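To keep things clear, I will list the structure first and then write my remarks on it.
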Amino acid sequence: MLTINNLVKHRGTREILSGISFKARPGRVTGFLGPNGAGKSSTLRILLGLDRATSGSALINGKPFAELHNPLATVGAALDGFGAHRMRTGRAHLRWIARAAGLSNSRVEEVLEIVGLTNAAGKRVGQYSLGMGRRLGIAAALLGDPKILILDEPVNGLDPEGIRWIRTFLRERAESGNTVLLSSHLMGELAETVDDVVIIKHGTIVADGTLDEVIGNHSTLEEAFFALTSENTGDVV
Amino acid sequence: MRAFNAELSKLFSLPGIWLAFLIGAFAPALIASLDSIAQKEEIIAGVSTRLSEVGYIGLALGVQGVIILGVLAVSSEYLTESSESGGGQQITTSLTVISSRFHFLLAKAGAVTVISILLCIVAIMTTVSATYLILGEYAPAFEWSRLIGAVCYWTFTAHLALGITFLTKNGILPLAVLIINSSVVSFSVLLYRVTKLAFYLPDRAGAEMFMFTDNTSTGTLFDGFHTPFTGGLVMFAWVLVVFIVAAVVFHRRDVAA
């Protein structure tokens, strides 16, 4: 369970997040939607202890990230970019992460297999395509087999096959009781994957509910999104 | 311990680190060889005034290997990926894998310490061998206490590089300043012309752990000023201050900042 409670973030004089609250529950895929610059990545960064909140809390199973003993076994995250040094091979990147979590090299080979990167594991990350880099990020997130996954724009750069793969994969994770929180600006892809939707605009939550609740009277999630983010009306919950 | 293993694994899988090893292992021997060749005649004639520094000069000027090591250990975390690949940084991954920033910092410092010590031992072996090869029976005896001083000097230098890079988040500035300072123009030599406080700069004070042990005064910067122990203590104090400042700044700083 991920719990964001009244989160405020100031950067300089700007208010990035203005007291946002929402939850991502076990057994469900929660889609965190918003235009670029709305505060999605800032929220995820605070949740993962990378940035500090000005006030409010972001908890993982009731604890702030800094208090997790072996974070990789609790929460797997893939944020913007590959999160890897371009001169290291994909396999070497996963191996140092495995060392940090006390995992074996055979687990590295397992996750490479899961994300379909086994053949490219010996290549330097700098030679990876955007899609391969995203897969590497997801492989890193999966290393500790965590119950919670946090993915920032996971379908960005993936080819149609990759998008289908991640959609199936995230559904399977949620159906086996795991918590999945993913941010995206690709409505079409998200509508087929998520159970719950949280929409953020200018650092404020403008909709929070199940997919059906958020779509409401609109014909698609995309229409609901544009209606909510352009007029700032129709709060669901 | 896991974080420490991860840091070692990171360093050994970074191609740039092998350049640090190469320079660290052989630059001191090369400098010591050139110095020995230049002084050979004077040493054989028994008129050399710098006999006590033969060989050690290589270990003093050849610290670039550990400077590269200390800088790369941190700058590699902050190297920004191309905008096409999302502009991420490895530090994001590192801090989502190890939840305590202080443990992360200690693990990195620990890995750099171990590699610096090993690298300096290799450098001592190549430097002593090169000096004996050139000077033969005229080569001075190498004292354990001074060699241990050199190991400390290398380790402290690596930590200064590491701490400064945590503050700058970018390797270019610390690499340029520290390498130029250790090889081309030493800031302490320049400052010495103005004030004796120059003797308290980390490179000058630290070097006294194994250099400037000749007691004959020449009235220059190359006279001994501190005892080897005090010199080491002064340098260690610098390392401690830089490390504490780096730890505080790193602890408070947003990764996105």
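For A:Leu17, the criteria (1) under 18 Å from the mean Cα position of the chain (by Cα); (2) of a type in the set (A, V, I, L, M, F, W, C); (3) at the interface with chain B (Cβ under 10 Å from one of its Cβ atoms) hold in every case but one, which is (3). Take region A:102-122 and flag every residue that is surrounded by fewer than 19 Cβ atoms within 10 Å (Cβ to Cβ) and facing another protein chain (nearest Cβ under 10 Å). Residue satisfying the conditions is A:Gly102 alone. Quick check on my filter: what residues within region A:78-92 are within 7 Å of another protein chain (Cβ to nearest Cβ), of a type in the set (A, V, I, L, M) and buried (at least 24 other Cβ atoms within 10 Å of the Cβ)? Across region A:78-92, the qualifying residues are A:Leu79, A:Ala84. Check region A:27-39 and report whether any residue there is part of a strand (DSSP E or B), within 13 Å of another protein chain (Cβ to nearest Cβ) and either under 16 Å from the mean Cα position of the chain (by Cα) or on the phi > 0 side of the Ramachandran plot (or both). Taking every residue of region A:27-39 in turn, none turns out to be part of a strand (DSSP E or B), within 13 Å of another protein chain (Cβ to nearest Cβ) and either under 16 Å from the mean Cα position of the chain (by Cα) or on the phi > 0 side of the Ramachandran plot (or both). In the condition set (1) assigned to a loop (DSSP other than H, G, I, E, B); (2) touching a residue at least 12 places away in the same chain (Cβ under 8 Å); (3) surrounded by fewer than 17 Cβ atoms within 10 Å (Cβ to Cβ), A:Leu59 is compliant with all but (1). With the condition kept exactly as written, say whether any residue in region A:209-227 is at pLDDT 90 or above, under 18 Å from A:Lys23 (Cβ atoms) and not in a helix (DSSP H, G or I). Scanning region A:209-227, I find at least one residue that is at pLDDT 90 or above, under 18 Å from A:Lys23 (Cβ atoms) and not in a helix (DSSP H, G or I), so the answer is yes. Being touching a residue at least 24 places away in the same chain (Cβ under 8 Å), more than 7 Å from every other protein chain (Cβ to nearest Cβ), more than 25 Å from A:Glu172 (Cβ to Cβ) and surrounded by 18 or more Cβ atoms within 10 Å (Cβ to Cβ) holds for only one residue in A:Val125, A:Val75, and it is A:Val125. The set of residues from region B:1-51 being closer than 17 Å to B:Val63 by Cβ and among the aliphatic types (A, V, I, L, M) comprises B:Ile17, B:Leu19, B:Ala20, B:Leu22, B:Ile23, B:Ala25, B:Ala27, B:Ala29, B:Leu30, B:Ile31, B:Ala32, B:Leu34. Out of region A:88-103, which residues are of a type in the set (Gly, Ala, Ser), touching a residue at least 12 places away in the same chain (Cβ under 8 Å) and farther than 10 Å from A:Leu143 by Cα? If the condition is that a residue be of a type in the set (Gly, Ala, Ser), touching a residue at least 12 places away in the same chain (Cβ under 8 Å) and farther than 10 Å from A:Leu143 by Cα, then A:Gly90, A:Ala100, A:Gly102 are the ones that fit. Of the residues making up region A:133-146, those that are in contact (Cβ under 8 Å) with a residue 40 or more places away in the chain and either closer than 12 Å to A:Arg107 by Cα or part of a helix (DSSP H, G or I) (or both) are A:Gly133, A:Arg134, A:Leu136, A:Gly137, A:Ile138, A:Ala139, A:Ala140, A:Ala141, A:Leu142, A:Leu143, A:Gly144, A:Asp145.
Contact map, region B:80-92: first residue closer than 19 Å to B:Thr168 by Cβ and within 7 Å of chain A (Cβ to nearest Cβ), second residue of a type in the set (S, T, N, Q) and in a helix (DSSP H, G or I), Cβ cut-off under 7 Å, separation 6 or more or different chains; pairs are B:Gln90/B:Ser76.
Determine, yes or no, whether B:Lys40 is basic (Lys, Arg), under 25 Å from B:Ser183 (Cα atoms) and either at pLDDT below 90 or part of a helix (DSSP H, G or I) (or both). Yes, satisfied. Within region B:234-257, restricting attention to residues that are assigned to a helix (DSSP H, G or I) and free of Cβ contacts under 8 Å to residues at least 12 places away in the same chain, the residue that is nearest to the other protein chains (Cβ to nearest Cβ) is B:Arg252. Selection over region A:6-41 of residues that are modelled with pLDDT under 95, among the basic types (Lys, Arg), out of contact with any Leu (no Cβ under 9 Å at 6 or more places or on another chain) and closer than 25 Å to A:Leu170 by Cβ gives a count of 0.
Screening A:Ala53 with (1) buried (at least 20 other Cβ atoms within 10 Å of the Cβ); (2) assigned to a loop (DSSP other than H, G, I, E, B); (3) more than 13 Å from chain B (Cβ to nearest Cβ) gives one miss only, at (3).
All conditions but one from (1) surrounded by fewer than 23 Cβ atoms within 10 Å (Cβ to Cβ); (2) in a helix (DSSP H, G or I); (3) β-branched (Val, Ile, Thr) apply to B:Thr80; the one that does not is (2).
Taking residues in region B:61-76 that are hydroxyl-bearing (Ser, Thr, Tyr) and modelled with pLDDT of 95 or more, and partners anywhere that are outside any helix (DSSP H, G or I) and buried (at least 24 other Cβ atoms within 10 Å of the Cβ), the pairs with Cβ atoms closer than 7 Å and at least 6 places apart or on different chains are B:Ser76/A:His85. One residue alone among B:Ala25, B:Ala60, B:Ala6 is surrounded by 18 or more Cβ atoms within 10 Å (Cβ to Cβ) and touching an Asp or Glu at 6+ places or on another chain (Cβ under 9 Å), and that residue is B:Ala60. Filtering region B:103-115 for residues that are assigned to a loop (DSSP other than H, G, I, E, B), touching a residue at least 12 places away in the same chain (Cβ under 8 Å), in contact with a helix residue (DSSP H, G or I) (Cβ under 6 Å, 6 or more places away or on another chain) and under 27 Å from B:Met209 (Cα atoms) leaves an empty set.
Any chance region B:11-21 includes a residue that's away from every other protein chain (no Cβ under 14 Å), part of a helix (DSSP H, G or I) and more than 20 Å from B:Leu133 (Cα to Cα)? Checked against the condition, which is being away from every other protein chain (no Cβ under 14 Å), part of a helix (DSSP H, G or I) and more than 20 Å from B:Leu133 (Cα to Cα), region B:11-21 yields at least one hit.
The values are calculated or read from the model by the stated rules, or taken from the named source; none is laboratory data. Quick caveat: nothing in here was measured; it's all calculated off a predicted structure. Because the Cβ atoms are built from the backbone with ideal geometry, glycine has one as well, and the counts that use them run over all protein chains shown.
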